[in-house]
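Step one of this worksheet: look at the structure below.
The values are calculated or read from the model by the stated rules, or taken from the named source; none is laboratory data. Small disclaimer: the values here were computed from a predicted structure and weren't measured. Quick reminder, even Gly has a Cβ in these numbers, built from the backbone with ideal geometry, and neighbours come from all protein chains shown. Please note that ligands, DNA and RNA were not included when accessible areas were found on the heavy atoms of the full protein model with its side chains. Shrake-Rupley method; radii C 1.70, N 1.55, O 1.52, S 1.80 Å.
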Amino acid sequence: MARLTKETFTEQIMQMPVLDTHTHLIGDRLCAADFWEIAHYFWLFREMQAAGYPANAAELPEEERIAAFLDAYKATRNTLMNIAFTHICKDLYDIEIRDRASVLALDAAVKRSAQQAGWAQHVADRMQAQAFVVNIPEHAAFLGMRKPAILLPRIDGKLGEWTRTVVESSDPIETFAHVRETLANLLDTYQAMGCRGIMTTLPRLAISANQPITLAPGCSRDEVMLQLLHEIGAEAAQRGLLVQLFLGVERSWCGTAVPANDPERILKLTALFERYACSFELVVASEINNLDIVQAAWNFPNVHVGGHWWFNFRSSTYRDSMQYRLEALPAMKSSLIVSDARCIEWSYGKIMVIKRLAGEFLWQQIEAGWIEQETALQIGEDWLYRSAAKRYGWET
């Protein structure tokens with residue numbers, strides 16, 4: 001192939017198809033209704049709060065809210081979420097935030113786009129998004145778009161409920177047998193719906209999956225949960241389903257979710273990867289586990305690494321984890337994109353950031369002489385789209 005310049009290589013990466021492997025998009029309201037729905041996205045809101053933006057900003061009179069927003073926006077221009085937000089405003093609406101008038105112009109523009117029947121598909125086409133994953137069945141019918149979402153139902157609520165039921169039972173063995181039957185029926189239902197897998201978050205566990213477990217009265221939460229994970233692995237393997245595990249966010253330390261780095265988090269799950277033939281996809285929110293999931297995917301052919309979740313969505317963690325993945329894994333074992341978006345505009349903003357980071361990283365590897373341009377382009381396609389498309393049955 002003809003040798004590309006940095007600019008033409010980067011442009012090829014930016015034009016590659018993508019698959020967004022985790023969103024909170026809702027099929028009948030994919031677009032932001034107004035400017036504030038974009039501006040108050042959780043991650044940007046957190047960063048602006050650190051710059052003095054009030055927690056009750058939505059309750060302020062409009063003039064006060066706009067003034068407070070502008071101050072916080074200007075103070076956070078260095079943060080990654082601010083950069084992504086700025087891309088949304090410039091790329092999708094051709095407006096640069098400078099003053100009150102620009103905020104009002106953006107609000108009017110977002111309100112107009114929300115009324116356009118084809119806006120969600122237009123935004124998806126701008127970022128070359130071929131598919132989006134959702135976890136709630138009722139959210140999967142994407143109105144106004146060419147294709148529905150990929151559904152990977154989340155079961156963490158049920159997993160927690162089942163665990164509590166068994167722990168509180170006077171006869172844990174009998175209760176667990178009922179839970180196991182319920183789980184099997186649920187997976188049969190999902191399979192009949194055409195789902196290729198399930199998703200769950202997991203809390204920190206004090207014991208490991210290789211330890212023997214006896215479900216006697218007084219058994220612990222962790223003992224029951226691990227036994228349930230064994231059942232999930234066995235039932236998923238029997239049906240050929242993917243198990244997507246989201247790890248590294250804890251809610252037990254205080255009233256808000258926090259990242260929890262745990263050097264044993266992945267080790268405690270490895271017996272599941274070894275024992276059950278289903279595919280596992282690991283998505284982490286804790287920085288030190290980026291290397292751990294790569295090691296797991298290197299050791300176990302059925303383990304794949306996913307995108308960056310919650311507190312792991314940083315340029316620095318992306319660069320480090322891309323280096324880990326490049327050195328150890330075939331690119332088809334790795335996906336980069338998790339937008340965690342609640343409107344399609346934020347899927348756009350975060351995906352454009354990820355594409356830029358991937359392009360910069362791969363070009364540096366070319367310049368250093370580690371890989372050829374053709375290999376770099378193949379890696380980019382696999383990381384951004386092909387790996388997930390194959391894993392979820394979107395493309396075979």
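Among the conditions (1) surrounded by 24 or more Cβ atoms within 10 Å (Cβ to Cβ); (2) touching a strand residue (DSSP E or B) at 6+ places or on another chain (Cβ under 8 Å), the only one that Y318 does not satisfy is (1).
Okay, residues lined up against (1) under 28 Å from Q15 (Cα atoms); (2) of a type in the set (A, V, I, L, M); (3) at pLDDT 95 or above:
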residue	(1), (2), (3)
Y41	yes, no, yes
L44	yes, yes, yes
E64	no, no, yes
L80	yes, yes, yes
R100	no, no, yes
V103	no, yes, yes
A109	yes, yes, yes
R126	yes, no, yes
F132	yes, no, yes
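Given the options I351, I337, I371, name the one that is assigned to a helix (DSSP H, G or I) and assigned by the TED database to the domain that holds I150. Give the derivation first.
Values: I337 fails: assigned to a helix (DSSP H, G or I); I371 fails: assigned to a helix (DSSP H, G or I).
Matching residue, one of I351, I337, I371: I351.
Give just the number: which of (1) modelled with pLDDT of 95 or more; (2) in the same structural domain as E235 (by the TED database); (3) not aromatic (F, W, Y) does G144 not satisfy? Unmet condition: (1). For segment 12-24, check the following and say yes or no: at least one residue is part of a helix (DSSP H, G or I), open to solvent by less than 10 Å² (accessible area, probe 1.4 Å) and out of contact with any Phe, Trp or Tyr (no Cβ under 6 Å at 6 or more places or on another chain). Scanning segment 12-24 turns up at least one residue that is part of a helix (DSSP H, G or I), open to solvent by less than 10 Å² (accessible area, probe 1.4 Å) and out of contact with any Phe, Trp or Tyr (no Cβ under 6 Å at 6 or more places or on another chain). If we scan segment 226-243, do we find a residue that is among the polar types (S, T, N, Q) and surrounded by 20 or more Cβ atoms within 10 Å (Cβ to Cβ)? Yes.
Among the numbered conditions (1) open to solvent by 10 Å² or more (accessible area, probe 1.4 Å); (2) within 30 Å of Y392 (Cα to Cα); (3) assigned to a loop (DSSP other than H, G, I, E, B); (4) not hydrophobic (A, V, I, L, M, F, W, C), the only one that N78 does not meet is (2). Applying the set (1) of a type in the set (A, V, I, L, M, F, W, C); (2) open to solvent by 10 Å² or more (accessible area, probe 1.4 Å); (3) within 19 Å of the chain's Cα centre (by Cα) to F280 leaves exactly one unmet item: (2). If you go through segment 124-181 and pick out every residue that is under 26 Å from E281 (Cβ atoms), open to solvent by 50 Å² or more (accessible area, probe 1.4 Å) and part of a loop (DSSP other than H, G, I, E, B), you end up with 5.
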